[in-house]
Every structure is written in C-alpha cells, then in structure tokens.
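Encoded as structure tokens, the structure appears first; notes follow it.
The values are calculated or read from the model by the stated rules, or taken from the named source; none is laboratory data. The shown structure was predicted, so the numbers you read here are calculated from the model rather than taken from an experiment. Neighbour counts are summed over all protein chains in view; Cβ atoms, including those assigned to glycine, are modelled from backbone coordinates with ideal geometry.
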Amino acid sequence: MRVGVVGARGYTGGELLRLLCMHPKVEVTYITSRQHAGKPVGVIHPNLRGLLDLKFEEFNVSKASEKCDCVFMAVPHGASMDVTPQLLEVGLKVIDLSADFRLKNEEEFKRYYGPHKRPELLGKAVYGLPELHRKELREARFVACPGCMATSAIIGAAPVVSSFKVDYEKIVVDAKIGSSAAGREADESTHHPERTGVVRPYKVVGHRHTAEIEQELSG
C-alpha cells in the first residue's frame, strides 16, 4: 500500500514514519511539511537516514491522490478538519491522528475544542481502537485515532464496564505521559531542566480526552 503522511515534521509524524518504514506491506511515497518543504526527511528526523529517501513537500491534494492509497494526518488539532475532507472527496483512505474527528457529537466537540468547521463529518470516522472496533476497522476508509489518555482509560475500563454495573462518577483515571507528548513546539514547561524527574498535574478536571472516554464506554 502506498502511504502518505501529512504533517510529518513533528514527533508524532517522525515516529509514524519509522513504524511505516518497518511495515512489509507499506511504501511511504509522500510526506508533507510547509516549514521544511524541499528538505530531505533525514535532516529533520536523523533516525530515518537510510530508511526513507524522500523530501518534504507542500501539501497538494492532487499529488496526494496521485501518489497514495492511504494518508495519515499527523497535524495539530484543528488543522485536520481543513485537509481531511479534501482527501476523502478524492477517494483516499484517511487515518487521522488528531482529535478533529474522534467525537461523534457536535456539542461535545464544541464543549472541549470549540466550533467544528465540518460537523457533518463527525461520526463518519471509525474510532481507531481495535480492542473495541476491530471488525469496523477492517473495512474502514476513515479512521480517527484515539487520544493517549483516552486509550489507557478505555482499555482499562471497558472490560469492567461491559461486565458489571458501574457508577461512572466513581471512575478515576491516573495516567502518565512522557515529555515528547507535548510535541516539537517548545515552551518553558517542555524544557528539559524544568521537565526531567518531575510529575506535573495537567487538566485534572475537564481534560479533553474525557469526552472520548465517555463516548466509548457508554457505547
């Protein structure tokens, strides 16, 4: 399968490329980055030297359609809702790593992320958790990958919720992520001397992934 990655310059995009390069049935044919268009992938992701001999390009839906069978979206939240509809309209399969299409309910999306530009597409993607949606994923043309915290919570709680009567108000999720989860864009909180050896609370109440957890566990 010929695969492209839109937004391949970030940590998520780089790790995705590494995994795709290792897959025996995948050929990476198209990678995009506005900031680094024209640069070899190994300049931005040195660990991919010798694995992938491509240059970043500006995104173009016609090129994506010509070069790919499936496109991964590795762009920041909010950016996918502009690009993904274009890819779907030309018949490409899309696997979106952002939060833009994880939720099915427009009001829930608005509550946690703000207004959605393409609300008619909410609910069209298969939620990309094979432990719950394996059959649907086999035939899916549009997949929304789960958030990190949501994944840990859903996989842990789903067997209990499906087997017993559970008071949802008493479910407590205590999850940890590494510093790379903050992405490539730096600020003081991601600076190594500030971050290393430290556990910091983040969105203890009202975390965005709460909506995904509630959606999938109530399903």
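Give segment 17-60 a look and list any residue that's of a type in the set (Lys, Arg) and either at pLDDT 95 or above or in contact with a Cys (Cβ under 8 Å, 6 or more places away or on another chain) (or both), or say none. Answer for segment 17-60, where residues must be of a type in the set (Lys, Arg) and either at pLDDT 95 or above or in contact with a Cys (Cβ under 8 Å, 6 or more places away or on another chain) (or both): Arg18, Lys25, Lys39, Arg49, Lys55.
Within segment 69-85, is there a residue that is part of a helix (DSSP H, G or I) and without any contact (Cβ under 8 Å) to a residue 12 or more places away in the chain? No, the conditions are met nowhere in segment 69-85. Among residues of segment 21-40 that are outside any strand (DSSP E or B), those with a Cβ under 8 angstrom from a residue that is of a type in the set (Val, Ile, Thr) and surrounded by 15 or more Cβ atoms within 10 Å (Cβ to Cβ), sequence gap 6+ or separate chain, pair up as Cys21/Val28; Val26/Val3; Ser33/Ile44; His36/Ile44.
Within segment 70-97, the set of residues being polar (S, T, N, Q) and buried (at least 22 other Cβ atoms within 10 Å of the Cβ) comprises Ser80, Thr84. Across segment 152-178, the number of residues qualifying as modelled with pLDDT of 85 or more, more than 19 Å from Arg200 (Cα to Cα) and of a type outside the set (Lys, Arg) comes to 14. When you look at Gly156, is it exposed (fewer than 15 other Cβ atoms within 10 Å of the Cβ), more than 30 Å from Val90 (Cα to Cα) and not acidic (Asp, Glu), yes or no? Judged against the criteria, Gly156 is a match.
In summary, helices (runs of 4 or more DSSP H) completely within segment 102-219 and bearing 3 or more residues that are among the small types (Gly, Ala, Ser) and out of contact with any Ser or Thr (no Cβ under 8 Å at 6 or more places or on another chain) occur at 148-163. Lys165 meets the conditions (1) surrounded by 18 or more Cβ atoms within 10 Å (Cβ to Cβ); (2) not assigned by TED's automatic domain parsing to the domain that holds Leu97 in every case but one. The failed one is (1).
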